[in-house]
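Everything on this sheet refers to the single structure shown next.
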Amino acid sequence: QVQLVESGGGLVQAGGSLRLSCAASRSIFSINAMGWYRQAPGKQRELVASIRSGGSRNYADSAKGRFTISRDNAKNTVYLQMNSLKPEDTAVYYCNTRLYNTDYWGQGTQVTVSS
């Protein structure tokens, strides 16, 4: 099992930046993949970015060039650096991982981008 706690959300103007953090309750060194998802009102939850233990990264088209996912195994934390934010990035952002065929989610952190 693992508990995930997100932080770093908030209100920012378009063009601004935020860094989200996801702290895990256990070592993430052996966890293969961790990711960030988001869910806007009335929309389905979607993958924003993911990172594997070897460092390979995957981004949604909407995030490419603006967002960067990283992981610090020593701190058991995954980050999402978001730059050049747009109003359409407004959503609740969730951290996710899968262990032994079970998905684990954090409680989410709200990101609101004003125009």
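The values are calculated or read from the model by the stated rules, or taken from the named source; none is laboratory data. All of these numbers come straight from a predicted model, not from anything done at the bench. No Cβ is skipped: glycine too gets one built from the backbone with ideal geometry, and neighbour counts run over all protein chains shown. SASA here: full protein model, heavy atoms, side chains in, ligands and nucleic acids out. Shrake-Rupley method; radii C 1.70, N 1.55, O 1.52, S 1.80 Å.
Being open to solvent by 20 Å² or more (accessible area, probe 1.4 Å) and either in contact with a helix residue (DSSP H, G or I) (Cβ under 7 Å, 6 or more places away or on another chain) or in a loop (DSSP other than H, G, I, E, B) (or both) is the filter here, so list the residues in region 1-15 that pass it.
Correct list: Gln1, Gln3, Gly8, Gly9, Ala14, Gly15.
Which residue is nearest to Leu20 (Cα to Cα), if the candidates are limited to region 31-68 and must be β-branched (Val, Ile, Thr) and in contact with a Gly (Cβ under 8 Å, 6 or more places away or on another chain)?
Val48
May I ask you to say which residue of Arg66, Arg52, Arg98, Arg26 is modelled with pLDDT of 95 or more, open to solvent by 20 Å² or more (accessible area, probe 1.4 Å) and more than 11 Å from the chain's Cα centre (by Cα)?
On inspection, the qualifying residue turns out to be Arg66.
Yes or no, residue by residue, for (1) open to solvent by less than 30 Å² (accessible area, probe 1.4 Å); (2) in a loop (DSSP other than H, G, I, E, B); (3) not hydrophobic (A, V, I, L, M, F, W, C):
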{"residue": "Leu20", "(1), (2), (3)": "yes, no, no"}
{"residue": "Trp36", "(1), (2), (3)": "yes, no, no"}
{"residue": "Val48", "(1), (2), (3)": "yes, no, no"}
{"residue": "Ser62", "(1), (2), (3)": "no, yes, yes"}
{"residue": "Tyr93", "(1), (2), (3)": "yes, no, yes"}
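Consider Leu80 carefully, then state whether it is closer than 25 Å to Ala14 by Cα, open to solvent by 40 Å² or more (accessible area, probe 1.4 Å), out of contact with any helix residue (DSSP H, G or I) (no Cβ under 9 Å at 6 or more places or on another chain) and not aromatic (Phe, Trp, Tyr).
When the stated conditions are applied, Leu80 does not pass them.
Could you list, in sequence order, all residues of region 103-113 that are open to solvent by 40 Å² or more (accessible area, probe 1.4 Å) and touching a residue at least 24 places away in the same chain (Cβ under 8 Å)?
Once the filter is applied, which keeps residues that are open to solvent by 40 Å² or more (accessible area, probe 1.4 Å) and touching a residue at least 24 places away in the same chain (Cβ under 8 Å), region 103-113 yields Tyr104, Trp105, Gln107, Gln110, Thr112.
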